[in-house]
Amino acid sequence: MKPLNHQLTQLPTTIFTVMSALASEHGAINLGQGFPDTEGPAHLTEVAAQALQDGRNQYAPLTGLPELREAVARSNARFYGLKIDPAREVIVTSGATEGLASSLAALLNPGDEVVVIEPAYDTYLPMIRLLGAVPKLVRLTPPEWSLPRDELAAAFGPKTKAIILNSPMNPVGKVFSEDELQFIAGLVAQHDVYALCDEVYEHLTFGARHIPLMTLPGMRERCIRIGSAGKSFSMTGWKVGYITAPAALTVVIAKAHQNLAFSTAPNLQRAVAVGLDQDTAYFENLASDMQLRRDILASGLREMGFSVLPCDGTYFLTADIRGVGELMTGAETDLEWSRRMTVEAGVTVIPVSAFYDGALPGAPSHLVRFAFCKKPIILEQALTRLRDRISRG
């Protein structure tokens, strides 16, 4: 038979599937995948349930229910001072990932280049390549995850169409500073390109201030901003995302969205609209609760001898596995260590090397990512398991 799409057939099984299957096989505590192990606000599930009963279960409008688009606009104004037209500058998508795909489809032609900062969320590169575009990779420098400005500037050129900016950043928990954002904005303006801003963790920052690139001078007409109900309300299975962008872009993004998903479950949209209008205290408590969990995990790992890297946001903490007891032989990679800890300690994590383009050399192979969006008691149990394994040498 004739071959299938070579971009997809060459993709390996995602690391999350591999590690989650291994965790299940060995009864491990899974700190790999980034989803909470508690439900989100009960009143939002009640709104969603009630909305199923009122006869509005047919297709929602292409760009989303008016009440959710209006709530997205209010949220932009409340948190960032952005004045958004809900009728023309907001699109509701079936998850932030679909929002990313629709936005990239609207932006890119074959041969266009997209600047991507590594380590990167693992769907960016496949999406770009499926569209026939070319990723230009720039790697942050651990352990501080500093931005290599010369390398970033060199990645822009005549074929550059866009940069993907993920802040707060999965997998490393970096929140880009205002100074870094100013530098990126300068490059975006200088090269007349767009910025696709993945901001799904916008409400999960710990002491650092999230600043949307869209709020900087000259960026309003160049930015596509993507948010996620799953991350903001601990309802990752709902798969409701929302795009904020200038009307000149949303009109084309909507055409891509029409041909990918068309619309999103209306009852969930109505619940998310209620969620976005909650008091600011809800979002503050969400972040402080997650910060507490981060601190439990970070403190326990440090006590065991791990070097814990900075984390100012998201669900994820990165740790350096070199020199922890006798667990590292010097030749063991982050993937090998992650597999072994699943089997021997009963704790599953994700190797950070999975967030780099495997075709290029030089990615760090000594860092692993822990998801701390779990109950404190589960984090304590995971730490106990790791501690017991390390103590055995």
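Listing for the model above:
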{"item": "Filter pass, residue 369 being among the charged types (D, E, K, R) and closer than 24 Å to residue 140 by Cα", "result": "yes"}
{"item": "Every pair of residues 6+ apart whose Cβ atoms lie under 7 Å, when the first sits in segment 219-248 and is among the basic types (Lys, Arg) while the second is part of a helix (DSSP H, G or I) and open to solvent by less than 10 Å² (accessible area, probe 1.4 Å)", "result": "220/214; 222/188; 225/214; 239/230"}
{"item": "Tally of residues being part of a loop (DSSP other than H, G, I, E, B) and open to solvent by less than 70 Å² (accessible area, probe 1.4 Å) across segment 1-26", "result": "1"}
{"item": "Filtered residues of segment 96-125 (kept if surrounded by fewer than 21 Cβ atoms within 10 Å (Cβ to Cβ), assigned to a loop (DSSP other than H, G, I, E, B) and within 15 Å of the chain's Cα centre (by Cα))", "result": "121, 122, 123"}
{"item": "Residue in segment 169-185 that is of a type in the set (A, V, I, L, M, F, W, C) and in contact with an Asp or Glu (Cβ under 8 Å, 6 or more places away or on another chain) present", "result": "yes"}
{"item": "Residue 288 open to solvent by less than 40 Å² (accessible area, probe 1.4 Å) and not β-branched (Val, Ile, Thr)", "result": "no"}
{"item": "Pairs, first basic (Lys, Arg) in segment 1-29, second loosely packed, with under 15 Cβ neighbours inside 10 Å and part of a loop (DSSP other than H, G, I, E, B), C-beta under 8 Å, six or more apart", "result": "none"}
{"item": "Residues within segment 364-393 that are of a type in the set (Gly, Ala, Ser), more than 17 Å from residue 32 (Cα to Cα) and either part of a loop (DSSP other than H, G, I, E, B) or free of Cβ contacts under 8 Å to residues at least 40 places away in the same chain (or both), tallied", "result": "1"}
{"item": "Pick from segment 60-72, criterion open to solvent by less than 10 Å² (accessible area, probe 1.4 Å) and part of a helix (DSSP H, G or I), ranking: nearest to residue 279 (Cα to Cα)", "result": "71"}
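The values are calculated or read from the model by the stated rules, or taken from the named source; none is laboratory data. Worth saying up front: this structure is predicted, and the values here are computed from it rather than measured. Please note: Cβ atoms are built from the backbone with ideal geometry, for glycine as well, and neighbour counts cover all protein chains shown. Accessible surface is based on the protein model in full, side chains and every heavy atom, while ligands, DNA and RNA are left aside. Shrake-Rupley method; radii C 1.70, N 1.55, O 1.52, S 1.80 Å.
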